[in-house]
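**Student:** Input: one structure, supplied below.
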Amino acid sequence: MTKTNIANEEQLLLLVAKKRVFTGDENAEIRSRIDQITDWDYFLKRAFETNLAPLIKRGFAKIPNLPIPEAVLQALKSYQQKIIVHNLQLYKALEDVGLALNTAGIDFIPLKGMMLAEIVYGDIGLRQTSDIDLLVRHEKVGPCKDLLIRLGWTCKAIVWKNQDETNVKIAHPYVFRKGNVVIELHQHIHNYGTTYTVDIEDYWNRASSLNFLKGKAAFLYPADLLQHLCLHTYKHLKGKEIKISSFVDFAEVINYYKNSINWEQLRFNSIRYGCLSEVQGILAIAKKYWDAEVPDTFLNDYVTDDLLLTEELFLQKLHKPFDENFSIHGFKQRLKVDNGRKRFKTLYEDIFPSKKFMINRYTIKYPSAVYFYYIYRWGTISGKIIKFIGWKLKAFFGRKK
């Protein structure tokens, strides 16, 4: 699938959602695409499933007298109102928790979501957010957990495949809930077992403390923020969650920070952490499809095979966001690991995770049924391996052409 043969409804999504200001040619193309829409229900479905609906509403409002059915405009308005109500709940919760953390002397970094909506987008109605992500230092996880429980949040521990709940292998070891609001408490930005390893202390050392809501928070250095967003989007792109709207973040972040982004440092750190391919892959898509102002010099040595696989993941996710086969891309990461022992250990943990992990992962009510879920898991993994081999063959023959 290439950019030219994306469905017309999806072409319109890309055109309208990606920018704050349109050129005359873009206005004309948007009008042309609108004239060709035959199924507005399908268009709305795509807008909702990709989380692009608030940005679509913003884009349509920028161009006067568009021939859009009133029912479509009302549907987009109703959807955005729901987003605003939910984000206001997150906003208030983050404000209260942030003040409590300030009082307790616990430094925290708000990740993605509300930070982007409040600081970068400048409008909490534009950036759809599902939960609150808070990063604290590893040694502060316990005190932060206790504080949130005292504030009335219920706590759920996330179980690692072959480790107990307190192991440092888990990026966010605890999830908290109060009403409709969820907080993921992070001690890192990625789980153990990936081929790249970000030094989280580097992130902390480069972060800046600033006023945020009614208190103070630390904020990632712009190059680190961009790197983190790339790795987060890459993870979801190869998984089954819907994160197409994340690509708009890159254009917005680059536009907001402009010359404050040190591209050479981003390259250096990405090489150092072993994630240059992942970062380049996501930014190449953001530049090609979302007009993100990524310097050509940052992408000029990007590997063609990686681009083929990453771009196809993006286009298929745009077209079919609920497809669960995207996680086959994870096998590509595993095969990149230089340490054969680590590669084997990671695969072993995938195939033979602990019973505790299986019960948590699949919400098994009766422990004796766990063995049936192992069989299900093995079948799923086998299917993904076959899919992965097919992708590699497709990439090989595509390169031959």
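The values are calculated or read from the model by the stated rules, or taken from the named source; none is laboratory data. What you see is a predicted model, and the numbers here were worked out from it, not measured in a lab. Positions of Cβ are backbone-derived with ideal geometry, glycine not excepted, and every protein chain shown enters the neighbour counts.
**Student:** Among the residues of region 151-158, is there at least one that is more than 30 Å from S245 (Cα to Cα) and modelled with pLDDT of 95 or more? Break it down stepwise before answering.
**Tutor:** First, pick out the residues of region 151-158 that are more than 30 Å from S245 (Cα to Cα): 151-152.
Remaining after also requiring modelled with pLDDT of 95 or more: 151-152.
Scanning region 151-158, I find at least one residue that is more than 30 Å from S245 (Cα to Cα) and modelled with pLDDT of 95 or more, so the answer is yes.
**Student:** The conditions are (1) within 24 Å of L14 (Cβ to Cβ); (2) part of a helix (DSSP H, G or I); (3) of a type outside the set (F, W, Y), and G98 fails exactly one of them. Which is it?
**Tutor:** Just one mismatch for G98, condition (1).
**Student:** Can you find even one residue in region 16-39 that is touching an Asp or Glu at 6+ places or on another chain (Cβ under 8 Å), without any contact (Cβ under 8 Å) to a residue 40 or more places away in the chain and among the aliphatic types (A, V, I, L, M)?
**Tutor:** yes
**Student:** Here's something else I'd like to know. For region 86-102, which positions are touching a strand residue (DSSP E or B) at 6+ places or on another chain (Cβ under 6 Å) and crowded, with 16+ Cβ neighbours inside 10 Å?
**Tutor:** As a first pass, look at region 86-102 and keep what is touching a strand residue (DSSP E or B) at 6+ places or on another chain (Cβ under 6 Å): 89-90, 93-94, 98-99, 102.
Of everything in region 86-102, those that are touching a strand residue (DSSP E or B) at 6+ places or on another chain (Cβ under 6 Å) and crowded, with 16+ Cβ neighbours inside 10 Å turn out to be L90, A93, L94, G98, N102.
**Student:** Still on this structure: Do we have F48 as free of Cβ contacts under 8 Å to residues at least 40 places away in the same chain and under 24 Å from I6 (Cα atoms) here? Before the answer, list the steps.
**Tutor:** Numbers: free of Cβ contacts under 8 Å to residues at least 40 places away in the same chain: yes; under 24 Å from I6 (Cα atoms): yes.
For F48, the condition - free of Cβ contacts under 8 Å to residues at least 40 places away in the same chain and under 24 Å from I6 (Cα atoms) - is met.
**Student:** Looking at Y234, is it touching a residue at least 40 places away in the same chain (Cβ under 8 Å), surrounded by fewer than 22 Cβ atoms within 10 Å (Cβ to Cβ) and not assigned by TED's automatic domain parsing to the domain that holds L111?
**Tutor:** On the way: touching a residue at least 40 places away in the same chain (Cβ under 8 Å): yes; surrounded by fewer than 22 Cβ atoms within 10 Å (Cβ to Cβ): no; not assigned by TED's automatic domain parsing to the domain that holds L111: yes.
No, not satisfied.
**Student:** A further question follows. Looking at the structure I just gave you, is F298 at pLDDT below 90, in contact with a helix residue (DSSP H, G or I) (Cβ under 8 Å, 6 or more places away or on another chain), in a helix (DSSP H, G or I) and on the phi < 0 side of the Ramachandran plot?
**Tutor:** On the way: at pLDDT below 90: no; in contact with a helix residue (DSSP H, G or I) (Cβ under 8 Å, 6 or more places away or on another chain): yes; in a helix (DSSP H, G or I): yes; on the phi < 0 side of the Ramachandran plot: yes.
No.
**Student:** Going through G152, G105, G142, G122 one at a time, which residue ends up being over 18 Å from the mean Cα position of the chain (by Cα), under 26 Å from A223 (Cβ atoms) and surrounded by fewer than 21 Cβ atoms within 10 Å (Cβ to Cβ)? Full working, then the answer.
**Tutor:** On the way: G152 fails: under 26 Å from A223 (Cβ atoms); G105 fails: under 26 Å from A223 (Cβ atoms); G142 fails: under 26 Å from A223 (Cβ atoms).
Exactly one of G152, G105, G142, G122 is over 18 Å from the mean Cα position of the chain (by Cα), under 26 Å from A223 (Cβ atoms) and surrounded by fewer than 21 Cβ atoms within 10 Å (Cβ to Cβ), namely G122.
**Student:** Can we say I63 is modelled with pLDDT under 95 and not small (G, A, S)?
**Tutor:** Against the criterion (modelled with pLDDT under 95 and not small (G, A, S)), I63 qualifies.
**Student:** From the list N65, N87, N8, N27, exactly one residue is within 30 Å of L134 (Cβ to Cβ) and of a type outside the set (V, I, T). Which is it? Spell out the reasoning first.
**Tutor:** Numbers: N65 fails: within 30 Å of L134 (Cβ to Cβ); N8 fails: within 30 Å of L134 (Cβ to Cβ); N27 fails: within 30 Å of L134 (Cβ to Cβ).
Being within 30 Å of L134 (Cβ to Cβ) and of a type outside the set (V, I, T) holds for just one of N65, N87, N8, N27, which is N87.
**Student:** Go through (1) within 26 Å of A117 (Cα to Cα); (2) in a loop (DSSP other than H, G, I, E, B) one by one and return the number of the condition E26 breaks.
**Tutor:** (2)
Matching residues to (1) outside the structural domain of I189 (by TED's automatic domain parsing); (2) in a helix (DSSP H, G or I):
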{"residue": "R58", "(1), (2)": "yes, yes"}
{"residue": "K77", "(1), (2)": "yes, yes"}
{"residue": "Q81", "(1), (2)": "yes, yes"}
{"residue": "I84", "(1), (2)": "yes, yes"}
{"residue": "T103", "(1), (2)": "no, yes"}
{"residue": "P110", "(1), (2)": "no, no"}
{"residue": "A117", "(1), (2)": "no, yes"}
{"residue": "Q128", "(1), (2)": "no, no"}
{"residue": "D133", "(1), (2)": "no, no"}
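**Student:** Looking at this structure, is L225 crowded, with 21+ Cβ neighbours inside 10 Å and within 18 Å of L318 (Cα to Cα)?
**Tutor:** Working: crowded, with 21+ Cβ neighbours inside 10 Å: yes; within 18 Å of L318 (Cα to Cα): no.
Here the answer is no, as L225 does not meet what is asked.
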